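Colleague: Before I ask anything, let me first share the structure, which is written out below as structure tokens.
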Amino acid sequence: MTLAFDGHPIELPRRLAGVLPLADRRRPLILAPAALADPLEWDGVGALADAAAHAVRRQPFAVRLRLAAHELRAAHADLAAPDDHALAAALHLTTAQLQETRQRLDGSVAGLLERCLPVLVHLLGEQRARGLTDPPPADLRDLRALFAAHEDELPVDADKLLAAVRTARGVDELRAALGIGFAEFNRTLAALAPQYRPTSRAEEHEEAVRSHVDLHRTGLVDRLRRAHLAAFDRREPIPGWADLRSLAWLTAPEEWALTVDQVDAAALRAHVEAELTARLGRPAPGSGERLPALEALRTRNGALARRLAAPIATLLKAAGKPLPPALAAADPAADVLALLDGAGALDFRQLDETDLAPWLAVLGHWPAGMPESLDPADHGLTQEDLDRARDSAAQARAERVRRQRVITFAGTEFDVAAGDFTELVEALERMVAQDPGSVRGRRSFAVLQEPRAPRRRGAAGPARPGGFAAADRGLSAAQREAIGFVGEWIAYRWLRENHPTTTEDSWMSANRRNVFPGAPGDDTLGYDFSVGTGRHPLLFEVKATQGDGGDFELGPSEVKAAQRYCGSDRWRILAVTNVLDPAALRVDVLPNPYGPRGRGRYREEGGALRFSYRT
């Protein structure tokens, strides 16, 4: 590029790299060689960074602009129309900040007009405001002239209004700068729907209420305790006490959202008082008997209930009484504690041993006609009677614990709590040796029927990722792990029979360590077996159950794998049913629920990780 002044050539300073910026407030200009923009790419934008910053009199921005161009090039952003996400990331802004900045730019008269239109409607009326802005002003000078023509009806002069419009980050900030009331301006915004929406302070007011409640929580809860103290002394359960004590029901009024700009402490106090009165049906007492500190009291009373729950159950057994539901569990402490806590029995005065039986009786968890006392003598019982009941209870607990440690395969119990499946493997080997056809199942996909209509909402039970959903509920973790291992062992044998390329290296899950040395296996792959050494091996996820099957659950890694391979039949499920009964044992190949063969053949049960099917 050649420049001349009065006919004499001028050489540009080397630091300008052949680019000449001309700073002008109204029309900044950059003169650059045509080759730089033929075609213009992100490298060229970076080369123009210093000149652009100089032209708009923002020299400190040169480095940021150059780095942003570099990041946009690395992100392969469209130079002609980079999207807001790419621009925001390159400029280290949020998308919202980028959009607000764009609206505040001097040249964005349309954005400024959009921001100030509700103010003009509010001050001048909608018909006049729209008439003044149609056609819209061409530039800032026209916009200022529009304001100046109506200065007598505006809260500030034209220059101040223009400055406020340019610096405000939104319609509401402009309203505040001009001193326009929040509620009345929201009515104007509502009338301009759907182009504009009222500004809501719901989140801010909710946060203010929560902060006020947290600050005064101890005093508020004590007032509620005093309001119910007489009922407690009469041993009357307090309905909904846990919710009442939580204060979660103290929320901001809905009407505040669009009518109150900022809520002050006085309004918060008045609102809380009104809510307390409405909840209690009377004003909450402001003072009264000094009550024990709640947290320490609940700790002491809770400890008492936990300590005495099992002895109370023993007392009732020794007396020959049926155990009420709260005392029937192997360890009744949690149930007794929940029962007393729900009634509010732990939160008012310190309890002693003489209080528990009467409270249990009031709550319907004490045998009818039995004296409300924990003293064995009041029930004609001796220490020997208690010892016999205690021993019986201990034996029952020990049996329950033992049952959670064992599985029964082919009529023989195996202790699986330690995770050592050596004896179990020997039993499986004997099964196959005695009956080589015991591992039954076709190599082809099972034919799935149309799924039944969805169950009613809420009918599905709790989910347990990684196995069958219905038949194995109530099993301990050790039992589930053992059943899963037996299922994979049987699946391995089935694969050896039906897919000759199966080797010990095909077993990919961590259960392989119970059979083979070497690699420990990986349970995060989303499948248990990989059969074949080519580029597209078959992948099998094993689902084992002691029942007849019909439903299963997928863990997150399994869902990810199933979706990754949903374009083919490579990812499959091996459903091993009646896994602990050699006479009924069966292996079925089920298709990928997300693949063409399985899509529409399963019913989702309570979410995308649980499926039921019919064969």
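Colleague: Please report, as a whole percent, how much of the solvent-accessible surface of segment 201-280 comes from carbon and sulfur atoms (probe radius 1.4 Å). Each step should come with its number before you reach the end.
Modeller: Values: 2230 of 4240 Å².
Roughly 53 percent, rounded to a whole number.
Colleague: Run through the DSSP bridge list for the chain and note the antiparallel percent, rounded to the nearest 5.
Modeller: Roughly 75 percent of the beta bridges in the chain run antiparallel, per DSSP.
Colleague: Moving on. Pairing the Cα long axis of helix 182-191 with the longest principal axis of the chain, what angle in degrees results, from 0 to 90 and rounded to the nearest 10?
Modeller: Roughly 90 degrees between the two axes.
Colleague: Which of the lysines could be linked to K543 by a straight reach, that is with a Cα gap under 24 Å, when you skip same-chain ones fewer than 8 residues away?
Modeller: Output for K543: K560.
Colleague: Report the label-to-label distance for D139 and A418 in nanometres (one decimal), using points 7 Å from each Cα along the Cα→Cβ vector.
Modeller: Once both label points are built, they end up 9.0 nm from each other.
Colleague: Given a 1.4 Å probe and every protein chain left where it sits, what share in percent of the accessible area of segment 294-390 is carbon and sulfur?
Modeller: On the way: 2340 of 4470 Å².
C and S atoms contribute 52 percent here.
Colleague: Still on this structure, please answer the following. May I ask for the angle, rounded to the nearest 10°, between helix 333-343 and the longest principal axis of the chain, with both axes built from Cα atoms and the value confined to 0 to 90°?
Modeller: Helix 333-343 sits at roughly 60 degrees to that axis.
Colleague: I would also like to ask the following. Go from 0 up to the bin containing the longest alpha carbon distance in segment 362-441, width 5 Å each, and give me the % of pairs per bin.
Modeller: 3, 11, 12, 12, 11, 10, 7, 6, 8, 6, 6, 5, 4, 0
Colleague: How much of the accessible area of segment 108-192, in percent, comes from carbon and sulfur atoms when a 1.4 Å probe is used? If you can, show how the numbers build up before the last one.
Modeller: Working: 2000 of 4010 Å².
Heavy-atom surface of segment 108-192 belonging to carbon and sulfur, 1.4 Å probe: 50 percent.
Colleague: Can you tell me, using C-alpha contacts under 8 Å and at least 6 residues apart, the relative contact order of the chain as a whole percent? Walk me through the numbers on the way to the answer.
Modeller: Numbers: 808 pairs, mean separation 45.5, N = 615.
Over the chain, the number comes to 7 percent.
Colleague: Taking the 0 to 90 degree range and rounding to the nearest ten, how far is the long axis of helix 477-498 tilted relative to the main principal axis of the chain, both from C-alpha atoms?
Modeller: Helix 477-498 sits at roughly 80 degrees to that axis.
Colleague: When the Cα centres of segment 282-296 and segment 123-155 are compared, how far apart do they sit, in Å?
Modeller: Using only Cα atoms to place each centre, the spacing works out to 61 Å.
Colleague: Once the dipole of segment 201-280 is set up with Lys and Arg at +1 and Asp and Glu at -1 on Cβ about the Cα centre, which of L215, G240, L276 lies farthest towards its positive end?
Modeller: G240
Colleague: Sort out for me the Cα centre separation of segment 548-595 from segment 35-97, rounded to whole Å.
Modeller: Computed from Cα coordinates, the inter-centre distance equals 51 Å.
Colleague: Given a 1.4 Å probe, how much area per residue of the chain is accessible, in Å²?
Modeller: Numbers: 33370 Å² over 615 residues.
I get 54 Å² per residue for the chain.
Colleague: Nearest 20 debye, what's the magnitude of the dipole of the chain about its Cα centre given +1 on Lys and Arg Cβ and -1 on Asp and Glu Cβ? Before the final figure, lay out the partial values.
Modeller: Working: 78 positive and 85 negative charges, 187 e Å.
Result for the chain is approximately 900 debye, rounded to the nearest 20.
Colleague: Related question: Extent of segment 508-556 along each principal axis, from alpha carbon coordinates, in Å, largest to smallest?
Modeller: For segment 508-556, the Cα spread along each principal axis is 32, 27, 20 Å.
Colleague: Same structure again: If I compute volume of the Cα convex hull per residue in Å³ from the structure I just sent, which labelled value in (1) 223; (2) 300; (3) 151 lines up?
Modeller: From the options (1) 223; (2) 300; (3) 151, the structure gives (2).
Colleague: Can you compute log10 of I(q)/I(0) for segment 108-192 with the Debye formula, treating each Cα as one identical point scatterer, at q = 0.26 Å⁻¹?
Modeller: Reported log10 I(q)/I(0), two decimals: -1.61.
Colleague: Taking each pair of distinct Cα atoms in segment 471-582 once, what is the resulting Kirkwood hydrodynamic radius in Å?
Modeller: Details: mean 1/r = 0.0692 Å⁻¹.
By the Kirkwood definition, the hydrodynamic radius is 14.4 Å.
Colleague: Apply the Karplus parameterisation 6.51 cos²θ - 1.76 cosθ + 1.60, with θ equal to phi minus 60°, to every residue of segment 210-215 and state each ³J(HN,Hα) to the nearest whole Hz, in sequence, with x for glycine and proline.
Modeller: 4, 5, 4, 5, 4, 5
The values are calculated or read from the model by the stated rules, or taken from the named source; none is laboratory data. Everything quoted here is computed from the prediction, not taken from an experiment. Cβ atoms come from the backbone with ideal geometry, glycine included; neighbour counts cover every protein chain shown. SASA here: full protein model, heavy atoms, side chains in, ligands and nucleic acids out. Shrake-Rupley method; radii C 1.70, N 1.55, O 1.52, S 1.80 Å.
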